[in-house]
1. Using only the alpha-carbon atoms, what does chain A span along each of its principal axes? Please give whole angstrom values in decreasing order.
2. Return the single residue from C:Ser301, C:Ser200, C:Ser124 with maximal mean-square fluctuation; model: Gaussian network over chain C, springs between Cα atoms under 10 Å.
3. Quick one: divide the alpha-carbon radius of gyration of segment B:134-279 by 2.2 N^0.38 Å and tell me what you get.
4. What is the angle, in °, between the Cα long axis of helix C:169-182 and the longest principal axis of the Cα atoms in chain C? Nearest 10 is fine, range 0 to 90.
5. In percent, how large is the relative contact order of chain C, given Cα pairs closer than 8 Å and 6 or more residues apart?
6. Averaging the inverse of every distinct alpha carbon separation and then flipping it gives the Kirkwood radius. What is it for chain C, in angstrom units?
7. What's the whole-number percent of alpha carbon pairs in the protein assembly as shown lying beyond 46 angstrom?
8. Other chains' Cβ within 10 Å of B:290-300 residues: what's the mean?
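Please treat every number below as a calculation from the coordinates, not as lab data. All values derive from a computational prediction rather than experimental measurement. Glycine also receives a Cβ, built like all others from the backbone with ideal geometry; neighbour counts cover every protein chain displayed.
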Amino acid sequence: MIVFIARRLVISFFVLLAATVIMFVLTALSGDPLEDLRQDASPNKAAKIADRTERMQLDEPIPVRYLSWLGNIVRGDLGVNRDGHDVATMLGEALSATLQLVIAATVMAIIIGVIIGIISALRQYSGFDYTVTFAAFVCFSLPIFWIAVMLKQYMAIEFNNWLKDPAIPPTVIGALALLSGLVFGALTVGDRRRRLISFAVGLAVGGALFAFLSATRWFADPGFGLPLTLAIALAGAVGLTVLSAGLRQRGPLYAALAAAVIGAASSEVLGPLLADPSWLEIAGLALLTVAVCAGLGYGIGGLQRRQAITAAVLTGLFTGGVVFVDRMLQAFNGYSAAVRGRPISTIGARTPNFEGDFWQMNLDTAGHLLLPTMALILISLATYTRYSRASMLEVMNQDYVRTARAKGLPERTVVVKHAFRNGLIPITTLMAVDFAGVIGGAVVTENVFGWQGMGNLFIDGLREVDPAPVMAFFIVTGTAIVVFNMIADILYAYLDPRIRLS
Amino acid sequence: MTLNAQAPGPDTAPDAQGLTITARTQGQMVRRRFFRHRAALAGMIILGFVVVLAFSSIGFAGIPGWWDKSYLDTGALVNQGKPTLSLVPEFLGGDGFRIGEHPFGQDDIGIDYFALTMRGAQQSLIIAFLVGIVATAVGTVVGAAAGYFRGAAEATLMRLTDVMITIPVLIIAAVIGRMMGDSGAVVLGLFLGLVLWPTLGRLVRGEFLSLREKEFVEAARAVGTSAKRIIFRHILPNTVGVIIVAATLSVANAVLLESALSFLGLGVQAPDTSLGQLISRYRSAMVTRPWLFWWPGLFIILIALSINFIGDGLRDAFDPRQTRVRA
Amino acid sequence: MTTSPNVPIEPRVDDPHTFELSSHVTDSAEDVHVGLTLDAVRPPSEEEILKVENLTVEFPTEDGVVHAVRGVSYTLREREVLGIVGESGSGKSVSSLAVMGLLPRSARIKGRILFRGDDMLKMSARKQRGLRGRKIAMVFQDPMTALNPVYTIGDQLAEAVLAHELMPRKTALARAKEMLDLVGIPQAEARLRSYPHEFSGGMRQRAMIAMAVINNPDVIIADEPTTALDVTVQAQILEKLLEVKDAVNAAIVLITHDLGVIAGMAHRVLVMYAGRPVELGDTDPVFEEPRMPYTAGLLGSIPSLDKGSGSARLRPIKGTPPSLINLPTGCPFSPRCPLATDVCRSSEPPLAETDSGGHYAACHHWDRLAAAEDPTEFFRTESETVA
């Protein structure tokens, strides 16, 4: 394995080196770097031209420029751009902005996409499956910039306007209720009668929920409050127990329910600490949650100790998440007022000069991340959905899944333990490769939403026919591709024991 | 993935199916399965409609079309340039079916937006199909050579592919677009095709690698068939399905890539136009004159979606068991 | 699906292992390969544990409805070994998957499957699952793919116990080790931590057998348990199967296309063709005096090691099995049958008792077979006739 990785690294290094030659030459040939100065009317035009010519070594042939760039790189110097700015500094800022953007988007796309894909596979040929398939194809066919502009218009500008008086028009409530009914119905397997009942339940639940939200102007001052937090946490506990242990034995369920109750209650107790915490404190609380819940699972789990610990820890973290969201929502009103009622932002990564407590700063970041994240998610979401659906379908038809059923295992174990674990192997590879691509692939999104990220570093460099920033961009993205491909290989070997030995 | 519908178990299905379809040829089966894929059929019809509309309406390469306005002529703004197209019948409170003077409206200097959109669609289609053809051709040749010959030839070709793949698609396309954007759609399409072949090359190589170990290739080699003949007569026909599907999907991706490039100002340059460029040019008009934004977007989606569905139908047709994975 | 839909996966008649093991068809008394014979294990009792009544299975497909199983009935007594034999597509696997409740949701199943008097098709899913793996266990054809590659053998065995009985994992693992010992896997303790890919094919099938008997089941369904294995390993596996069956007191439904295996291992045999049982009876009478031309044809398709005797010649059945979507009217075997007459082509014969007790056949002309000296003679090839 180590030999294999080392060999791959060496090859990748030379591949990368060759790619830098292509990139450098193409960039240098793509236009005239002095174009803007030639039309310059200022008296010191000649001096400016001479200055830039010297800085970019324009009087040398391109191979010489490349070699000198390469020499600098070896010494760890990324050089300066055509105006003399330090490229390393530019790169650092761009990279941190881009990572902030793509990590959130990729993680969400993976989680949601894989879940939808699995459900879609388990409900193959259902209404849900067909809808998801069609939606995925539409997503593949959407120009991302078009979607981005639409999001700006409808999710930011008009949504912010609507927030001034957040009453949902009856027609919209009707449509949302219908949608919720359709989702319920499509997810149900069974005869027409069962599906109709599900549809009716979905319709009623959706209609009541949105009517309530509208009547109470919930969106103007959102939040869950203790009773709702507790209810959500308990529902999460049941759901997570069903997934991780099943309800046959009571041990895991009791552990999870206890975790939910303790979590919800401690959100009240911890009020002062949660008023304006730091990320460090949040991380500490998360660790504490894990420890307490593991203890609960150990104590209550009985013979199903392992599953009980899993269920309790997952429930604890879920409850923590709910409390976190609740706090964010409670801070919404104050934040909204601070940004003059326009919480969803369309430009940049943060509101300039905005200062607030922990929750408000988070809201500010979230408000800026929301739209570009949605735009980025759409396409990778479709990819993950399709991919995990195909992977699950393939795995569900394997002989060992039939063996698992023949043992008399419950369907939950068959799907989660036997099918999902195997279906995950190809998906993991996709994740690693996709993440590498996304770092350099958010060019269009960054452009539309005015993020000063990697994409802009590249596009600006290219427009100015300036190899230094373009190459800095490429070194990061190219290395990312190499590194993440390697991570994919290692993950693959970790997940599939057949590879470990050979 | 066919187990639920067709195959009761490894024991029964092969014969049950084998017996009923032996009477059909490969081509008939492919056609039958493709036409059973309703979304693919719809995609075919829509794409055909868009292509005919784009090229016949305003004419192409000096041949005049049936639409009387040009995408270059400005004119007086009628009703602030709002679209005159109406599809809502009168009894539903609409204006009845009417095409009117400027069905898609006019842009800010009075150019007929239907003509402009058609011109954009022409350019986008030309680029997308050229990219598809060139990338497929190069990818197939490289992949086939690498997959069949192996050894030094393979190593060289695959390292070349690796180098190309290391550079993100949008990035290399952007550089090419920046260099070639003002030379017209045809040149841009050709050059983009020349850098976008690696994915297809890898795919074809993989197919070749597995096929060249098959018994029928061994048999051909054993009787002294030349490499050329083995490649073209024995292996290539068996990879046609994979290649056609990948080529189709690469066209769909090229439509989106071209529009993204033009949106970034790195594709087709003014005064000529493309769908992406139209959206980019009028993105700020979203609030005041949304039709300038809607029409080109709608056409991009129509084209890409129908090609994607055709590709899916072809995949089902050529290999119904192949998992529908898109990476 | 792991197999291509157009390629039959069953071996051809000239497959070497068929040749090897089938040698005891001609003299089943002297069995050189299977050390443990049926006579050495405890005999079946009269108690019926599994009763299948008029089972039909249909699959709706795009090309039409596949009639995979068309009215199968049989009973299995305690400790009995029932062989089910037939070509691919004869419905033998599908009928036993139906018993296990492992058919895909799209399958339309009719009839009754009674386990100790309870109809499994009418049980709740939960109750059915409780029987699966605990009372009725299954050994699959291909041990290469039947074990999950990402979990250890011990984990997969222990899981089979824990699915039905609540106990500490350690106890389940100890039981798994016992089972590996029973099926003859050396160093069982260490092998618990091995992954399936570290096992050879034969070892994996042993592990599958261990998994099947770990809960002391009453019925083991073995679906072509040796088809995917090397010739030399096949006999060992079959012997082991008989041995563990005796150890846990289970009955076996042994599905195979290999008449030699049936002859050496089964008390009774059920021959299936085109989804229907066509002959049923005790193994020796069925093989020595078949009353259905199809069975006779199968016997004639087996090469023999006995050189010089008349049956040394291969007398294969011509043609292929019918489509299960468009079945011919009348007896489904009639297009290939040398004895077929007009009545065969117009009406399908029922499975009826023949001249000897407990020997059933679905043939209008079983009496002609009874009258023949060598039942395979009807399948004489042309070259043979000329000679």
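1. Here the Cα extents, ordered largest to smallest, are 81, 63, 47 Å.
2. In this elastic network of chain C, the residue with the biggest mean-square fluctuation among C:Ser301, C:Ser200, C:Ser124 is C:Ser124.
3. 1.23
4. 40
5. For chain C, the relative contact order is 20 percent.
6. One over the average 1/r among Cα pairs gives 21.7 Å for chain C.
7. Cα-Cα pairs of the protein assembly as shown separated by over 46 Å account for 48 percent.
8. Mean number of neighbouring Cβ atoms from other chains: 2.
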